[in-house]
Amino acid sequence: MAFSFAPMPLSHPEEILHDLSPFILIHKNGTIERLVGKEVTPPSTDPTTGVHSKDVRISPETGLSARIYLPGATTSQDQKLPLLIYFHGGGFVFGTASSTMFQPFLNKLALEAQTIIVSVDYRRAPEHLYPAQYDDSWEAIKWVASHATRNGTEPWLNDYADFERVFFGGESAGANIAHHMGMRIGLGKDLDTFGDGFKLFGLVLIDPYFGGETLIGGEVVADVKERNILEKLWRVMNPSFSSLDDPLINPAKDPNLSKLGGRRVLVSVAEKDLLRDRGWYYYEVLGKSGWNGQVDIIEAKGEGHVYHLYLPFRENALTLFKTLSSFINVDK
């Protein structure tokens, strides 16, 4: 999956319940070893981009929180900025809103797109099973929407966010979450909570974590172990699911796909990513579903899964930043 992996711990195979290396090991005694995404970075003013960040608590009951990014050049409350609600990747099992792997990307994106970013720190499996990840994300969206009246608890959102230009986005598992949050908006879930001042403009799905029972494209010839890891990650998060054609993992099987919220969708895939063909398939199926919006797709040649998170940023990552900025600011 193209992460920089930690070395394998010295665990005996008979002690392991789920071996999801190089991501996570789940022991029979309940011990959880996360092998990646453990390094964290505190919020700060980034010296390279000038972007400010801070952490906020959303729900004391569940511990739900978020990290907010504000472009440093913002000087006037009259300058309302697009708002991206972002869901980080990590197979639903690793990574947090404070993980070092996400901070440079979000600092750079906030600067390039001149957008406020709310990165949601949803609960992770296996400690918290489905639907905790989706429920937390929805709760965060409702919390953000509560600021559309300019009377919320977070001044950065009250003062600077344009709530009529809201985007949902993320990579990998986070892109899966972003899609399903868009579906909830489109299906009118809790619509009275949002009011007229909160409008989902579009979705940004980077290397989306989708699947299906029938193999497609490069999945047919892909390494079986890599395919199995993707399925096992899903089973760890959602052990009650019965099929990879569940719309939660295979949106192509969702009879309500045409009701997706927002006006525009941008799908970004990487040529060497096992999830590449699922991204293309989503793009094709959504475009034919009768959805009343515009869906576009871009592909990074020669790149693997979540290449945009690596430092230093490669040329394809810099191109992605420009594409995302244009997408977020189109028709502004």
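The values are calculated or read from the model by the stated rules, or taken from the named source; none is laboratory data. What you are looking at is a predicted structure, and each value in this text was computed from that prediction instead of being measured. For neighbour counting, all protein chains shown are included, and Cβ atoms are generated from backbone atoms with ideal geometry for every residue, glycine included. What goes into the accessible areas is simple: the full protein's heavy atoms, side chains included, and nothing from ligands, DNA or RNA. Shrake-Rupley method; radii C 1.70, N 1.55, O 1.52, S 1.80 Å.
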Task: Average accessible surface area per residue within the range 277-332, 1.4 Å rolling probe, Å² - done: 51
Task: Relative counts (whole %) of C-alpha pair distances in the range 7-128, using bins that are 5 Å wide - done: 2, 10, 19, 18, 16, 12, 10, 6, 4, 2, 1, 0, 0
- [ ] Using only Cα atoms, tell me the angle between helix 173-186 and the longest principal axis of the chain; keep it within 0 to 90° and round to the nearest 10.
- [x] 50
Task: Protection proxy ranking, peptides 198-207, 214-223, average beta carbon neighbours within 10 Å, highest first - done: 198-207, 214-223
Task: Evaluated at q = 0.16 Å⁻¹: base-10 log I(q)/I(0), Debye formula over Cα of the range 238-281 - done: -0.58
Open item on the list: Given the DSSP H assignment, sum -39500 (n - 2.57) over each helix run of at least 4 residues in the chain and divide by its residue total; what's the result at 222 nm in deg cm²/dmol, nearest 500?
Closed with: -8500 deg cm²/dmol
- [ ] Compute from the Cα atoms of the chain the Rg and the Dmax, the latter being the longest Cα-Cα distance, and quote both in angstrom.
- [x] 18.9, 61
Task: Sulfur and carbon atoms: percent of accessible area, the chain [1.4 Å] - done: 50
- [ ] At 7 Å along the Cα-to-beta-carbon direction for both Asn228 and Asn151, put a label point, then send me their distance in nm to one decimal.
- [x] 5.7
Open item on the list: 7 Å from Cα along Cα→Cβ at both Lys272 and Asn158: what's the point-to-point distance in nm?
Closed with: 4.9
Task: the range 35-180 - charge dipole about Cα centre, Lys and Arg +1 at Cβ, Asp and Glu -1, debye rounded to 20 - done: 60
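Hey, any idea what Rg/Rh is for the range 90-132, computing Rh the Kirkwood way over Cα pairs?
Answer for the range 90-132: 1.07.
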Task: Amide H contacts under 5 Å for Gln294, placed H, 5+ residues apart - done: Arg264, Val265
Open item on the list: Taking a ≥ b ≥ c as the square roots of the Cα gyration tensor eigenvalues, with a/c under 1.5 meaning rounded and otherwise prolate when a/b beats b/c, else oblate, which class fits the range 177-256?
Closed with: prolate
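In debye, nearest 20, what is the charge dipole magnitude of the range 128-188 about its Cα centre with +1 on Lys and Arg Cβ and -1 on Asp and Glu Cβ, if you could check?
160
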Open item on the list: Tell me the accessible surface of Arg278 in square angstrom (1.4 angstrom probe, heavy atoms of protein chains only), to the nearest ten.
Closed with: 10
Task: Per residue accessible area of the range 38-119, 1.4 Å probe, in Å² - done: 36
TODO: Beta carbons within 10 angstrom, averaged per residue: use that to sort the peptides 160-173, 231-244, highest first.
DONE: 160-173, 231-244
Task: Inter-site label distance for Glu315 and His27 at 7 Å from Cα along Cβ, in nm - done: 4.7
TODO: Calculate, in whole percent, how much of the Cα-Cα pair population of the range 242-332 lies beyond 15 Å.
DONE: 65
Open item on the list: On C-alpha positions alone, give me the angle between the axis of helix 132-145 and the longest principal axis of the chain, in degrees, nearest 10.
Closed with: 10
Open item on the list: Residues of the range 149-188 with the amide nitrogen closer than 19 Å to a label point 7 Å from the Cα of Arg263, along Cα-to-Cβ, please.
Closed with: 161-169, 182-183, 185-188
TODO: Within the range 61-148, list the GluC sites (Glu not before Pro) lying in a DSSP loop whose Cβ has at most 14 other Cβ atoms in a 10 Å radius.
DONE: Glu61, Glu127
Task: DSSP-defined antiparallel bridges as percent of all bridges, the chain, nearest 5 - done: 40
